[in-house]
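Computed from the coordinates by the stated procedures, all read-outs in this text should not be read as laboratory data. Worth saying up front: this structure is predicted, and the values here are computed from it rather than measured. Using ideal geometry, Cβ is built from the backbone for each residue, glycine included, and neighbour counts are taken over all protein chains shown.
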Amino acid sequence: MIAFEVKMLKYGGYGPVSFTMRAGERIGVTGPSGCGKTRLLRALADLDPWQGEIRLEGYGAESVRASTWRKRVAYLPSESQWWFDCVGSHFTNSPDADDMHALGLASDVLSWPVSRLSSGEKQRLGLLRTLANNRPAVLLLDEPTAHLDAERTRAYESLVTRRCADGMMAVWVTHDPEQLQRVTTRGYRMVAQGVWKEAVSWA
Amino acid sequence: MGVIALSWADILLSALPLTVLAALFAWLRLGLSRTMLIGAVRTFVQLAMVGVVLKGVFQNAHPVWTVSFSMVMLAAGTWEVSRRQHRHFAAGWTIGFAVLGLFTAGFTVTVFALLALVGVKPWWSPQYAIPLLGMILGNTMTGIALGMDTLTQNAWKQRAVIENRLALGQTASEAVEEIRRESVRIAMTPIINSLAICGVVSLPGMMTGQILSGSDPLAAVRYQMMIMYLIATGAGFGSLLTVQLCSRRLFDGRERLRLDRLAE
């Protein structure tokens, strides 16, 4: 059954883009810099204006309040932002202890000041925060592991994949073909100005 | 008992030390003399014009003149708010918010003072209405200008934070809450400071004027107290209202941050 459906989506001079996803599916999006990958994710989360049709479980994006839509279709920016002094203040729901452990985060990280975090820790905490606060149906990942070493990257990928086994959908935007091979079941390659092609192989 | 009047010759004499200072500045190559002297000439011309107009308005007391003078003050205040913004809302929204804030807060507070406190008859008497409105509007203007500027500057600088908060499912209002609060705090800082130091570090100009013109100091002090409360009220409601309106304008109907609506 189709759970997430994008039809003739145009955004900021890019597109049109059409694709569908079934529950639990993981798709990849790749393409040269400036072809509109980040903008695509932003439009899907309704952070930028767009035209066309985006539906989640049959309901159009316009049929719910924008903040409700963004909780369900969650955009995870490549640089996560932290505006309070303490890490824990950014969590509206307490994160899953197993997720924290799986990401290799210290068990007391929520009581840390934000100034103590490395960029890799911020990136992993960004995922943890979105999973906890949003409980997303679709997770939109924008170059999510740029600051992580190989081991942390694998842990990050397997957490997302595990969530997808429970029905979450994931859209990965990355330049790394090996990562796409590992984490996605199929994907799309964008060429200049958001022209959209189904990619058979990532290699 | 009246004030000892100053003649135009006295005014020229009072400007003499300033010209000596300007000469000294020039000799020290401070690059200040020119702007200072232009400022001094502007003070002379502007105040002389206001004096002539006020004299005419007072002699021919009529609501039309009071209202006209108020509108000129409103326009000047709006222009000044707009001039103090680093970033403007496109399509005249900055002007619109400034007019609305100044009018709603400044005029309401002034009319309240004239009707309920001063009780002058008729209530629009220019001798009371114009100076009161001037003081209230001036401070409301400062509050509004600071509040708007802080809001738009911080929204611009903290774009990534605001959008990350939206992406986490916060509403537009939640995502700018801290910035909005900070803007009102900054807007109110000067007036709250002057409430605290009034009479200790400085004697307010209006009170000094009344004392000079022979009023009982206690009567002058009561006027000044009223003025302080009124200007704080005007600045507070004015900045609250405009910060609220501007923060809404930063987002569209789908709660997207629309910094494209701001231009430098």
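Quick notes
- Where both bridge residues fall in region A:2-199, DSSP classifies roughly 55% of the beta bridges as antiparallel.
- Cubic angstrom per residue, convex hull over Cα atoms of region B:63-263: 128 Å³
- Sequence-distant residues sharing a close amide H with A:Asp96 (under 5 Å, placed H): none
- Take each residue in B:177-186, count the other chain C-beta atoms within 10 Å of its C-beta, and the mean is 0.
- Using C-alpha pairs under 8 Å with a sequence gap of at least 6, the mean separation divided by the residue count of chain A gives a relative contact order of 32 percent.
- Spin-label pair A:Arg135/A:Ala23, simplified geometry with 7 Å Cα→Cβ offset, distance in nm: 1.5 nm
- The protein assembly as shown - share of DSSP beta bridges that are antiparallel (%, nearest 5): 55 percent
- Paramagnetic reach from B:Trp156 in region B:87-117 [backbone N under 17 Å; point 7 Å along Cα→Cβ]: B:87-95
- Projecting the Cα atoms of A:Leu127, A:Gly58, A:His90 onto the dipole axis of chain A, where Lys and Arg carry +1 and Asp and Glu carry -1 at the beta carbon, places A:Gly58 farthest toward the positive end.
- Charge sum, other residues only, whose C-beta stays under 12 Å from B:Gln210's C-beta, Lys/Arg counted +1 and Asp/Glu -1: 0
- Partner shielding of A:75-85 amounts to 4, given as the average count of beta-carbon atoms from other chains within 10 Å of each residue beta-carbon.
- Part-to-part distance (alpha-carbon centres) for region B:206-238 and region B:1-28, which is given in Å: 27 Å
- The protein assembly as shown: calculated mean residue ellipticity at 222 nm from DSSP helix runs of at least 4, using -39500 (n - 2.57): -17500 deg cm²/dmol
- Three-way shape call for region B:1-60 based on the alpha-carbon gyration tensor, with the a/c threshold at 1.5: oblate
- Quotient of Cα Rg and 2.2 N^0.38 Å for the protein assembly as shown, N being how many residues it contains: 1.35
- Global geometry of region A:126-172, whether rounded, prolate or oblate, following the gyration tensor of its Cα atoms and the 1.5 cut on a/c: prolate
- The alpha carbon centroids of region B:64-101 and region B:118-166 are separated by 10 Å.
- Rough spin-label spacing in nm, given labels placed 7 Å along Cα→Cβ, for B:Glu177 and A:Ser94: 2.1 nm
- Under 23 Å from A:Lys71, Cα to Cα: lysines that are on another chain or at least 8 residues apart: A:Lys7, A:Lys10, A:Lys37, A:Lys122
- Estimated inter-spin distance, B:Leu13 and B:Leu28, nm [label 7 Å along Cα→Cβ]: 2.7 nm
- Over region A:2-199, volume per residue of the alpha carbon convex hull, in Å³: 113 Å³
- For region A:136-147, putting each phi into the Karplus relation 6.51 cos²θ - 1.76 cosθ + 1.60 with θ = phi - 60° gives couplings of x, 8, 10, 10, 9, 9, 10, 6, x, 10, 4, 9 Hz, in residue order, rounded to whole numbers and with x for Gly and Pro.
- Gyration tensor over alpha-carbon atoms, region B:1-160, equivalent ellipsoid semi-axes in Å: 31, 30, 12
- Within the same chain, lysines fewer than 8 places from B:Lys55 are excluded, and of the rest, those with a Cα less than 23 Å from its Cα are B:Lys121.
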